[in-house]
Amino acid sequence: MKFLKFLFVGIFFGIVLVKSEAVSWYRIFEMFKFQSFHMYGIIGSAVFLGILFLWIFRKFKIKSTEGKVINLPPKDKSFTRYILGGTIFGLGWALAGACPGPMYILLGTGVSSMLLVIAAAMLGTFVYGVLKNKLPH
């Protein structure tokens with residue numbers, strides 16, 4: 001029962017992504033061909049709001065549900081890991097037509113081919129876990 005709130009937030013998030021067409025393969029295709037601002041507007045809004053909320057959390061020392069001040073440690077500075085990881089993520093996104101969150105939303109809307117994409121994403125995550133120590137971090 002205590003996890004029910006997460007289920008409702010996930011359902012709400014899914015509805016918002018479907019209604020905003022953020023999970024539409026055609027919108028994603030337009031974005032990768034630089035034909036439409038739609039997806040860039042959605043992603044840009046999310047980045048802006050993320051920056052704003054993080055600033056508010058730091059400024060007012062907002063606490064988590066456990067009562068601890070929310071504090072995010074700085075990311076490691078590494079050019080290779082972000083370029084290589086971002087390229088692999090972008091290629092997967094372009095080929096599948098969905099990034100990780102929308103894969104489940106599309107499955108929920110009845111796009112059964114997403115089962116294959118989800119299986120491939122899980123396999124990729126497993127392979128990363130096996131090769132993690134050998135990769136440039």
(Q) Taking the condition of being exposed (fewer than 14 other Cβ atoms within 10 Å of the Cβ), under 15 Å from the mean Cα position of the chain (by Cα) and either over 18 Å from residue 100 (Cα atoms) or small (Gly, Ala, Ser) (or both), how many residues in the range 19-46 meet it? (A) 3
Q | Total residues in the range 74-95, condition in contact with a His (Cβ under 8 Å, 6 or more places away or on another chain) and surrounded by 12 or more Cβ atoms within 10 Å (Cβ to Cβ) | A | 2
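Count, please, the residues in the range 40-71 that happen to be among the β-branched types (Val, Ile, Thr) and assigned to a helix (DSSP H, G or I).
Kept after step one, since they are among the β-branched types (Val, Ile, Thr), are these residues of the range 40-71: 42-43, 47, 51, 56, 62, 65, 69-70.
Subsequent filtering for residues that are assigned to a helix (DSSP H, G or I) retains 42-43, 47, 51, 56.
Adding up the residues that qualify gives 5.
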Q. Are any residues in the range 72-83 at pLDDT below 85, hydrophobic (A, V, I, L, M, F, W, C) and in a helix (DSSP H, G or I), and if so, which ones?
A. 79
(Q) Scan the range 27-38 and tell me whether some residue there is more than 20 Å from residue 14 (Cβ to Cβ) and among the small types (Gly, Ala, Ser). (A) yes
Q.
Pull out all pairs, ordered by first then second residue, where Cβ-Cβ is under 7 Å, the residues are six or more apart or on different chains, the first lies in the range 4-16 and is at pLDDT 90 or above, and the second is small (Gly, Ala, Ser).
A. 14/108
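Results for (1) within 17 Å of residue 31 (Cβ to Cβ); (2) under 18 Å from the mean Cα position of the chain (by Cα), shown as yes or no for each residue.
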site: 78; (1), (2): no, no
site: 82; (1), (2): no, yes
site: 95; (1), (2): yes, yes
site: 104; (1), (2): no, yes
site: 115; (1), (2): no, yes
site: 121; (1), (2): no, yes
site: 128; (1), (2): no, yes
site: 131; (1), (2): no, no
site: 134; (1), (2): no, no
Q.
With the requirement that a residue be assigned to a loop (DSSP other than H, G, I, E, B), surrounded by 14 or more Cβ atoms within 10 Å (Cβ to Cβ) and either without any contact (Cβ under 8 Å) to a residue 24 or more places away in the chain or in contact with a Ser or Thr (Cβ under 9 Å, 6 or more places away or on another chain) (or both), what does the range 98-137 give you?
A. 99, 111
Q: Can you run down the residue pairs with Cβ atoms below 7 Å, 6 or more apart or on separate chains, where the first is in the range 56-68 and in contact (Cβ under 8 Å) with a residue 24 or more places away in the chain and the partner is of a type outside the set (S, T, N, Q) and open to solvent by 60 Å² or more (accessible area, probe 1.4 Å)?
A: none
Q.
The conditions are (1) more than 26 Å from residue 131 (Cβ to Cβ); (2) of a type in the set (A, V, I, L, M); (3) open to solvent by less than 100 Å² (accessible area, probe 1.4 Å), and residue 1 fails exactly one of them. Which is it?
A. (3)
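The values are calculated or read from the model by the stated rules, or taken from the named source; none is laboratory data. No experiment lies behind these values; they were computed from the predicted model shown. When we count neighbours, we look across all protein chains shown, and the Cβ atoms used for this are built from the backbone with ideal geometry, even at glycine. The area values use the complete protein model at the heavy-atom level, side chains included, leaving out ligands, DNA and RNA. Shrake-Rupley method; radii C 1.70, N 1.55, O 1.52, S 1.80 Å.
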